[in-house]
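Scroll down for the structure; my scribbles are underneath it.
The values are calculated or read from the model by the stated rules, or taken from the named source; none is laboratory data. Computed from a prediction, not measured in an experiment: that's the story for all the values here. Cβ: placed from backbone, ideal geometry, glycine included. Neighbour counts: every protein chain shown. Please note that ligands, DNA and RNA were not included when accessible areas were found on the heavy atoms of the full protein model with its side chains. Shrake-Rupley method; radii C 1.70, N 1.55, O 1.52, S 1.80 Å.
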Amino acid sequence: SVEAVFRLYPVTDVIHFAADSNVDRSIKLPDSTIENNVAATTNLLMSCRKQGFNKFVMVSTDEVYGPAIQEPGDLVPRAFNEKDPVKPCNPYAASKLACEGIAIAFSNTYGINISITRGTNTFGPWQYTTKLIPRSVKLLLEGKDIELYGRGEATREWLPVEDHVSGVHAAWMLGDNQEIYNIGSGVRFSGIGIARIILDGLNLNTNRVRFIEDRPGHDMAYAIDSRKSMRHLKWANGAGDALQRHECIRGMIMDTARWYWNNHDDTC
């Protein structure tokens, strides 16, 4: 099917977003996740190799780094930069790292121009209901409580989808061959923090949270340093200082929760 598309249209560039990104499913069915993601990436690269080609952007994930480490005395976990070692802790993250390696191998072997982006936790409308914000709203609409792993302490960096897309676009336009670019917001919330923002945005009681058994191999924190993307790609992860970005993204998470609440017939 991919080759048929390449024959029908004069494709010169590919931005490869597609992935089986459900971490819980990857833990239950690791072989399926790895096969899906690695095969899809290989098929696209094979089709690129068979014709004149300009650029391939591999959209990866910050999860390839594994958990961010908070040393004694640190106020927050240290953010990973693109030169840090990788240590994926679940089959989904491992499959994405494998895809990165295949893309670089095709670049070395066949001369395909490759850039890789590692984006952080992205949110916005029309997301699968397995993701935290839409799943939480779906549970609330059903009269249930928001479910959080463990004690809800796992922390993620939260990135509006518009900012993620603009970073990927910048990598497509300005990214160098075989270079990796982190795309993050610098704004981090725990699971319980996100639950409280959702409940606040929907004017619901803040005690509507239920803690469930923790996920195996659950990374407690992700944090990335996006300064390379800002310098090399002229990309900006939102306006203003850190406090302004924090409040802006908090408001956007509220707006996103309200969007799911008001559009649940179409999304949930």
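Screening R118 against (1) basic (K, R); (2) in a strand (DSSP E or B); (3) farther than 24 Å from A223 by Cβ leaves a single unmet condition, (3). Within the range 172-196, how many residues are surrounded by fewer than 23 Cβ atoms within 10 Å (Cβ to Cβ) and in a helix (DSSP H, G or I)? Number satisfying all stated conditions: 7.
E147 meets the conditions (1) without any contact (Cβ under 8 Å) to a residue 12 or more places away in the chain; (2) of a type outside the set (S, T, Y); (3) open to solvent by 20 Å² or more (accessible area, probe 1.4 Å); (4) in contact with a strand residue (DSSP E or B) (Cβ under 8 Å, 6 or more places away or on another chain) in every case but one. The failed one is (1).
Look at D266 and say whether it is assigned to a loop (DSSP other than H, G, I, E, B) and either free of Cβ contacts under 8 Å to residues at least 40 places away in the same chain or not hydrophobic (A, V, I, L, M, F, W, C) (or both). Taking the combined requirement at face value, the residue does not satisfy it.
Among the residues of the range 7-22, write down those that are outside any loop (DSSP other than H, G, I, E, B) and either touching a Lys or Arg at 6+ places or on another chain (Cβ under 6 Å) or closer than 19 Å to V59 by Cβ (or both). Before you say what the answer is, go through the steps one by one.
Restricting attention to the range 7-22, the residues satisfying the condition of being outside any loop (DSSP other than H, G, I, E, B) are 7-8, 13-16.
Listed by number, the residues that qualify are D13, V14, I15, H16.
Among the residues of the range 150-162, those identified as over 11 Å from S190 (Cβ atoms) and surrounded by fewer than 24 Cβ atoms within 10 Å (Cβ to Cβ) are P160, V161, E162. When residues in the range 151-209 are screened for being aliphatic (A, V, I, L, M), touching a Lys or Arg at 6+ places or on another chain (Cβ under 8 Å) and farther than 20 Å from R250 by Cβ, 3 of them pass.
Can I212 be described as closer than 26 Å to D24 by Cβ, of a type in the set (V, I, T) and surrounded by 13 or more Cβ atoms within 10 Å (Cβ to Cβ)? Walk me through how you get there before you give the answer.
Values: closer than 26 Å to D24 by Cβ: yes; of a type in the set (V, I, T): yes; surrounded by 13 or more Cβ atoms within 10 Å (Cβ to Cβ): no.
No: the conditions fail for I212.
G101 - would you say it is under 30 Å from M173 (Cβ atoms), surrounded by fewer than 20 Cβ atoms within 10 Å (Cβ to Cβ) and either in contact with a helix residue (DSSP H, G or I) (Cβ under 7 Å, 6 or more places away or on another chain) or not aliphatic (A, V, I, L, M) (or both)?
Numbers: under 30 Å from M173 (Cβ atoms): yes; surrounded by fewer than 20 Cβ atoms within 10 Å (Cβ to Cβ): yes; either in contact with a helix residue (DSSP H, G or I) (Cβ under 7 Å, 6 or more places away or on another chain) or not aliphatic (A, V, I, L, M) (or both): yes.
It is true that G101 is under 30 Å from M173 (Cβ atoms), surrounded by fewer than 20 Cβ atoms within 10 Å (Cβ to Cβ) and either in contact with a helix residue (DSSP H, G or I) (Cβ under 7 Å, 6 or more places away or on another chain) or not aliphatic (A, V, I, L, M) (or both).
Note on the range 221-237: among residues that are within 14 Å of the chain's Cα centre (by Cα) and not in a loop (DSSP other than H, G, I, E, B), the one that is farthest from V161 (Cα to Cα) is A221.
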